[in-house]
Amino acid sequence: MLQSPLQEIKQRYRVVGNSDELNRALDIAVQVARTNLSVLIVGESGVGKEIIPRIIHDNSVRKHQNYFAINCGSIPEGTIDSELFGHEKGAFTGAVAEREGYFGAANNGTLFLDEVGELPLATQARLLRVLETGEYIRVGSSEVRKTNVRIVAATNVNLQNAISEGRFREDLYFRLATIPIKMPPLRNRGQDIELLFRKFANDIAEEYNIAPIRLTDDGKALLMSYRWPGNIRQLKNVVEQLSIISPERMITAEMLRKCDISDDNEAGTGLILAGKKTDFTHSYENERDMLFHVLSSLGKEVKEIKAMLSMSQPSVIQSYSSQDVVPAEEVTLLDDAVLIDKNSIEKALKHNKGNRSKAAKELGISERTMYRRLKEYGLA
Ligand SMILES: Nc1ncnc2c1ncn2[C@@H]1O[C@H](COP(=O)(O)OP(=O)(O)OP(=O)(O)O)[C@@H](O)[C@H]1O
Ligand SMILES: [Mg+2]
């Protein structure tokens, strides 16, 4: 039987799912592969953005040329220009030899710029130039070089916000987003949730030679109504966890709740503030937005605590602040008050096979906060 091109792509890249939004994203990727247009993939963390640039490269005329995937968020600001555009020998302390850089090395090929929203502004200017003219200059050089590179970029942050806050160039955004591809969040993918559950359950069963786990009807219903803030990455972790630790092979809603998959859509990332789990019902652009939310919830709780204390010890209450909501200016002071308990960090590291960056994503914290906590807990 003849397969449709979309089915072929899914089989080749082991992409599971059949929701309209997913099919549309894959279809655009295949269509755009034949062109040289820049593509910007947008979507929440863990939705599966990383497969798209591979599909584009492999289905383009560049497929026999170099493909590089670069995580812009993990390269230090001081070295990113030299990594991308290369440097001359002696351009800076430690530049003992010249370096070609990705834009040179990927000539005639494809560069995938992941987490493009993290690029420093100076690098954004260089990137815009190479996108517009194909020209770039190595660090420490004055010679203009030419390159022919196809750019596919991805981001899980709202670049419009970054633009309005002056952190991302609008002209670069329009240049990158010639073709936008939106990867849908898992909660919008209906039956795909169950298909993915099965896929991950079968994969792990095969790997460890165990019986695959399956879902009861109430388990299925819970997975379908859950918010999935960590999307496919989170689902995979849950399935792996249950496959290994559950003596039961039929997974019920109650068992899922023990893995923090709850009816009230609480994400259960293990983030606690003053010993209380916070609400993760919303998606936060960054840690600061989340802190604002946490602090305003805390404000409401202060009121409740005041009421409780006033019932038991009326004299104590006077020494507490009369504010109900912590003012925004205090957010920075309270940055370190956000505690991720050691256990959650250890769990997240275990799920992610020791990968700190992925563990931080799962916990919904920045890599910087992750490193701070690892140091504090002696896990570094
Ligand atoms: N359709 C799919 N079928 C099977 N596995 C998938 C699918 N989509 C994603 N995955 C798996 O989900 C995980 C997360 O995907 P990926 O790393 O591409 O997310 P992302 O969108 O790049 O997230 P982030 O923005 O946090 O980097 C990976 O383990 C990936 O293999
Ligand atoms: Mg990614």
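Residues being surrounded by 15 or more Cβ atoms within 10 Å (Cβ to Cβ), more than 19 Å from Pro180 (Cα to Cα) and free of Cβ contacts under 8 Å to residues at least 60 places away in the same chain are entirely absent from the range 25-45. Looking only at residues of the range 117-143 that are part of a helix (DSSP H, G or I) and either within 16 Å of ligand 1 (Cβ to nearest atom) or free of Cβ contacts under 8 Å to residues at least 12 places away in the same chain (or both), we find that the one that is surrounded by the most Cβ atoms within 10 Å (Cβ to Cβ) is Gly117.
Within the option set Ile70, Ile55, being touching a residue at least 24 places away in the same chain (Cβ under 8 Å), within 16 Å of ligand 2 (Cβ to nearest atom), under 23 Å from Glu83 (Cα atoms) and among the β-branched types (Val, Ile, Thr) holds for one residue only, Ile70. With respect to the conditions (1) near ligand 1 (Cβ under 10 Å from one of its atoms); (2) at pLDDT below 95, Pro76 falls short on a single one, namely (1). Number of residues in the range 66-90 that are within 19 Å of Ser141 (Cα to Cα), surrounded by fewer than 19 Cβ atoms within 10 Å (Cβ to Cβ) and in contact with an Asp or Glu (Cβ under 8 Å, 6 or more places away or on another chain): the value is 2.
Summed over the range 46-60, residues that are within 8 Å of ligand 1 (Cβ to nearest atom) and in a helix (DSSP H, G or I) total 1.
Scanning the range 28-45 for residues that are away from ligand 1 (no atom under 12 Å from the Cβ) and small (Gly, Ala, Ser) returns Ala29, Ala33, Ser38.
Pairing each residue of the range 96-116 that is closer than 20 Å to Thr155 by Cα and assigned by TED's automatic domain parsing to the domain that holds Asn66 with any residue that is within 16 Å of ligand 2 (Cβ to nearest atom) and among the polar types (S, T, N, Q), provided the two are 6+ apart or on different chains, yields C-beta distances under 6 Å for Asp114/Asn71; Glu115/Asn71; Val116/Thr155. Checked against the criterion of being of a type in the set (Gly, Ala, Ser), at pLDDT 95 or above and more than 28 Å from Gly166 (Cβ to Cβ), the candidates Ala91, Ala106 yield just one match: Ala106.
The values are calculated or read from the model by the stated rules, or taken from the named source; none is laboratory data. Source: prediction; values computed, not measured. Virtual Cβ from ideal backbone geometry, glycine too; neighbours counted across all protein chains shown.
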